[in-house]
Amino acid sequence: MLDNYVQLTEQQRRELLPAQPNIWHFYEKLSRRLIMWNVINFGTGVILQLFTSFWRGVGAQAVGWSAVNLAIGFLGQKGNERRAAEPNAQLPERMAREARNIRAILWLNAGLDILYMLGGLSWARRAAQKGGANAEFQRGMGIGVVIQGGLLFVWDVINALIVPRYEKKD
């Protein structure tokens, strides 16, 4: 039966597996939410440039991290569209594999987020200890990394937990 699955129409596939979650829809929503969140994050970073040196440092990190995350969101959408259009994209085994991959990437990123936060904390601490004319900006940069890493940690953990699950077939 699965040999013919690729040749079925989308409607026939839905009738065959009506309750099967669609990883491609999930990934598209995930990318869209990442883009929307980082448009707001970027705007916040730009607004923070109007304040003190410390807040300019925090804002600079928001702008920088947003640019990277926007690129990830847009590239992720394009890759998702390409993979979802492949002939075997709707096969349950393929969607299960994609879900496992997305979940693994999100958990890996959550671990990296912790390292980012520790690095940002170290940066801020060194700037405060060193002092100097640029110390407040550098402290803001470090705290900005802590904030961005914390936001990404929450993002990655929540999304890793809500990736669709697929039943294992024997």
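The values are calculated or read from the model by the stated rules, or taken from the named source; none is laboratory data. Computed from a prediction, not measured in an experiment: that's the story for all the values here. Every residue, glycine as well, gets a Cβ built from its backbone with ideal geometry; the counts of neighbours run over all protein chains shown.
Points worth noting:
- Of all residues in the range 152-170 being surrounded by 18 or more Cβ atoms within 10 Å (Cβ to Cβ) and of a type in the set (A, V, I, L, M), the one that is modelled with the lowest pLDDT: VAL163
- Among the residues of the range 84-104, those identified as surrounded by 16 or more Cβ atoms within 10 Å (Cβ to Cβ) and of a type in the set (Gly, Ala, Ser) are ALA84, ALA89, ALA96, ALA99.
- Filter result for ALA135 (surrounded by 13 or more Cβ atoms within 10 Å (Cβ to Cβ), of a type in the set (A, V, I, L, M, F, W, C) and more than 22 Å from SER66 (Cα to Cα)): yes
- Filter result for ASN101 (assigned to a helix (DSSP H, G or I), touching a residue at least 60 places away in the same chain (Cβ under 8 Å) and not β-branched (Val, Ile, Thr)): no
- Filtered residue count, the range 132-167, keeping only those that are of a type outside the set (Asp, Glu), within 24 Å of LEU30 (Cα to Cα) and not in a helix (DSSP H, G or I): 4
- From the options ALA135, ALA124, ALA160, ALA128, residue that is of a type in the set (A, V, I, L, M) and more than 24 Å from GLN49 (Cβ to Cβ): ALA160
Matching residues to (1) aliphatic (A, V, I, L, M); (2) part of a helix (DSSP H, G or I); (3) modelled with pLDDT under 95:
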{"residue": "PHE42", "(1), (2), (3)": "no, yes, no"}
{"residue": "PHE51", "(1), (2), (3)": "no, no, no"}
{"residue": "VAL58", "(1), (2), (3)": "yes, yes, no"}
{"residue": "SER66", "(1), (2), (3)": "no, yes, no"}
{"residue": "LYS78", "(1), (2), (3)": "no, yes, no"}
{"residue": "GLN90", "(1), (2), (3)": "no, no, yes"}
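- Scanning the range 36-80 for residues that are surrounded by 17 or more Cβ atoms within 10 Å (Cβ to Cβ), aliphatic (A, V, I, L, M) and within 25 Å of LEU121 (Cβ to Cβ), we see that the one that is farthest from the chain's Cα centre (by Cα) is LEU48.
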